[in-house]
Amino acid sequence: MINVVGLGYIGLPTALMFAAHGVEVVGTDYNRELVDILNAGKTTFEEDGLEELFAEAVSKGIRFSYEYQSTDLYIVAVPTPYDKTSKKVDAGYVARAVENVMEVCPRGATVVVESTVSPGTIDKYVRPVIEAKGFVIGEDIHLAHAPERIIPGNMVYELKHNSRTIGADSRAVGERVKELYGSFCEGEIIVTDIRTAEMTKVVENTFRDINIAFANELAKICRSDNMDVQEIIRIANKHPRVNILSPGPGVGGHCISVDPWFLVGDYPGLANIILSARKINDSMPDFVLERIYQIMKENVMTDVGRVGLYGLTYKENVDDTRESPTLQLLESMERHLCGGQIKVYDPYVTEDKVPNQYHDLEAFLGDVDLVVLLVGHDEIRQQMEKLKGKIVLDTRYICFLDGTYRL
Ligand code: SAJ
């Protein structure tokens, strides 16, 4: 039986996937409310294919509990935030989860950490917790790191089809964990050591952050000299060895905007491109704010209350608002004492998260003159004509109505 510890964005689909493929699974989370919802037969977030996967896993007998189970295999998928001051990984959740596992696990158990951690974290924070309980790693307890790689919006598909990395202390443990993941994973599964697996994961997200930062920097350069950045990137990308991502209002989410900081925090003075990229991406909400003021001026608009922000989530077609550029933009407006009445709408955010939040697209559009498109949800892509007659600032390059302003 596998005990999956942490039933959030990664742990839940992972637990469901194992169960749907015939593995006995118990999912554990200390958040009782979350466990109660799952036990009541409901999923806890929206994701393509998740409901179907949940139904399949339930039919195959998955169980959810507040309690850690005594078993021979654990998958730890708890959050790893970063300390905003030191920029280092906060391994507290992972360490506590492993400590709790040590209270109940038998000798011979394997613990697989899926949470993203910076290189060296497992050595520094996880091994000591196991050893403090008197276990010898490699004899009493086996350790592996299988960093998750799935993208919100396409998690279920990617869980099955992406390649995976398994880091382990010995080839034998790595191969055993590989076989386990092979129960559902159709991608290549590469076995390596733990430190390499830790570093690889952070490198992947950092690569994407740097690429997006390059696109965002190009957007600023092109704006300053009246060039069309989207057209330039489109043409440049026709080169067989060029693949520039898209500029946007900033980089949000719990991964790409966080993981590069681990390298900055751990390797001060060495992570220079990485740090610049972070700064560029973090500057984008303020850049959007500047554009809003320019456009208001150009259109002789004086009332910020007639400005509407479309999109609160960190990207399209997900309900996750963590580190969302829109939230950063609103914070920035507050700092400049002009956040009072700006209006906000997002079809995926049903609870009230910010002031002046609307829950109906028509009502929102009816109350604003300038619409800032911050997230390219399918909802708005499919009804772009509703923006006719509005002033539109499109930060996602999705609106092709005449007169649309861009970043
Ligand atoms: N973004 C842009 N321009 C782009 C692409 C993205 O501005 O061209 C923005 C998005 O709008 C969003 C942010 O970047 O605000 C991040 O979104 P994303 O879709 O690039 O990635 P995440 O954070 O949802 O998921 C990433 C993925 N990592 C990589 O693609 C290397 C995913 O595979 C990881 O599993 C995930 O991080 C994670 O959990 O680490």
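The values are calculated or read from the model by the stated rules, or taken from the named source; none is laboratory data. A quick note: this is a predicted structure, and the numbers were derived from the prediction, not measured. Quick reminder, even Gly has a Cβ in these numbers, built from the backbone with ideal geometry, and neighbours come from all protein chains shown. With ligands, DNA and RNA removed, areas are computed over all heavy atoms of the protein, side chains included. Shrake-Rupley method; radii C 1.70, N 1.55, O 1.52, S 1.80 Å.
Here are some notes:
- Leading residue by the ranking (least open to solvent (accessible area, probe 1.4 Å)) among those in region 312-338 that are among the charged types (D, E, K, R) and away from the ligand (no atom under 11 Å from the Cβ): Asp319
- Taking the numbered list (1) assigned to a loop (DSSP other than H, G, I, E, B); (2) open to solvent by 50 Å² or more (accessible area, probe 1.4 Å); (3) closer than 22 Å to Glu290 by Cα; (4) out of contact with any helix residue (DSSP H, G or I) (no Cβ under 6 Å at 6 or more places or on another chain) in turn, Gln341 passes all entries but (4).
- Phe262 falls short on exactly one of the conditions (1) within 12 Å of the ligand (Cβ to nearest atom); (2) in a loop (DSSP other than H, G, I, E, B), and that condition is (2).
- Asp83 vs. criteria surrounded by fewer than 17 Cβ atoms within 10 Å (Cβ to Cβ) and within 27 Å of the chain's Cα centre (by Cα): yes
- Any hit, region 167-176, residues being within 11 Å of the ligand (Cβ to nearest atom) and surrounded by 15 or more Cβ atoms within 10 Å (Cβ to Cβ): no
- Pairs where the first residue, in region 21-37, is at positive phi and of a type in the set (Lys, Arg) and the second is assigned to a helix (DSSP H, G or I) and surrounded by 15 or more Cβ atoms within 10 Å (Cβ to Cβ), C-beta under 8 Å, 6+ apart: none
- Counting the residues of region 186-213 that are within 14 Å of the ligand (Cβ to nearest atom), hydrophobic (A, V, I, L, M, F, W, C) and buried (at least 17 other Cβ atoms within 10 Å of the Cβ) gives 6.
- Extreme residue, farthest from the ligand (Cβ to nearest atom), among residues of region 233-259 that are assigned to a helix (DSSP H, G or I) and without any contact (Cβ under 8 Å) to a residue 24 or more places away in the chain: Ile235
- Number of the exception - Leu401 against (1) closer than 13 Å to Tyr310 by Cα; (2) in contact with a Leu (Cβ under 7 Å, 6 or more places away or on another chain): (1)
- Leading residue by the ranking (farthest from the ligand (Cβ to nearest atom)) among those in region 135-149 that are under 28 Å from the mean Cα position of the chain (by Cα) and outside any strand (DSSP E or B): Ala146
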